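*Asks:* Just passing along the structure, written as structure tokens.
The values are calculated or read from the model by the stated rules, or taken from the named source; none is laboratory data. Model, not experiment: these values are computed from the prediction. Please note: Cβ atoms are built from the backbone with ideal geometry, for glycine as well, and neighbour counts cover all protein chains shown.
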Amino acid sequence: MTEFKPGDIVVLAATDDWPEHRFRVDYVFDDCLGGYSLTGPFAGQYGEPECALVIRTDNPQTKE
């Protein structure tokens, strides 16, 4: 299982309710993440998506 930390940028999978989008992690809970959408129709809004919705991390410092 991937470990998340505050400050991580992740990409959340699309669902029937929203498209794939980037999300900034501010809080890590047992089964979900708290933070803000960075892109998409909910940009700037707080949410608590399930960790299972994360399809990858998108942290600038980890890119080559």
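*Asks:* Residue by residue through region 17-37, note down the ones that are farther than 20 Å from Glu3 by Cα and touching a residue at least 24 places away in the same chain (Cβ under 8 Å). Before you say what the answer is, go through the steps one by one.
*Replies:* Filtering region 17-37 for residues farther than 20 Å from Glu3 by Cα gives 17-20.
Trp18, Glu20 - these are the residues of region 17-37 that are farther than 20 Å from Glu3 by Cα and touching a residue at least 24 places away in the same chain (Cβ under 8 Å).
*Asks:* Would a scan of region 5-12 turn up a residue that is at pLDDT below 95 and surrounded by 14 or more Cβ atoms within 10 Å (Cβ to Cβ)?
*Replies:* no
*Asks:* Of the numbered conditions (1) part of a loop (DSSP other than H, G, I, E, B); (2) of a type outside the set (A, V, I, L, M); (3) surrounded by 12 or more Cβ atoms within 10 Å (Cβ to Cβ), Phe23 satisfies every one except a single condition; which is it?
*Replies:* Of everything listed in (1) part of a loop (DSSP other than H, G, I, E, B); (2) of a type outside the set (A, V, I, L, M); (3) surrounded by 12 or more Cβ atoms within 10 Å (Cβ to Cβ), Phe23 misses just condition (1).
*Asks:* Something else now. Taking Gly40 and the conditions (1) at pLDDT below 95; (2) small (Gly, Ala, Ser); (3) loosely packed, with under 14 Cβ neighbours inside 10 Å, which numbered condition does it fall short on, given that it satisfies the others?
*Replies:* The one condition Gly40 does not meet is (3).
*Asks:* Just for region 1-38: of the residues that are β-branched (Val, Ile, Thr) and touching a Lys or Arg at 6+ places or on another chain (Cβ under 6 Å), which one is nearest to Val54 (Cα to Cα)?
*Replies:* Restricting attention to region 1-38, the residues satisfying the condition of being β-branched (Val, Ile, Thr) are 2, 9-11, 15, 25, 28.
Retained after the next criterion (residues that are touching a Lys or Arg at 6+ places or on another chain (Cβ under 6 Å)): 9, 11.
Details: Ile9: 10, Val11: 6 Å.
The extreme case among them is Val11.
*Asks:* Which of (1) among the β-branched types (Val, Ile, Thr); (2) modelled with pLDDT under 95; (3) assigned to a strand (DSSP E or B) does Thr2 not meet, given it meets every other one?
*Replies:* Exception for Thr2: condition (3).
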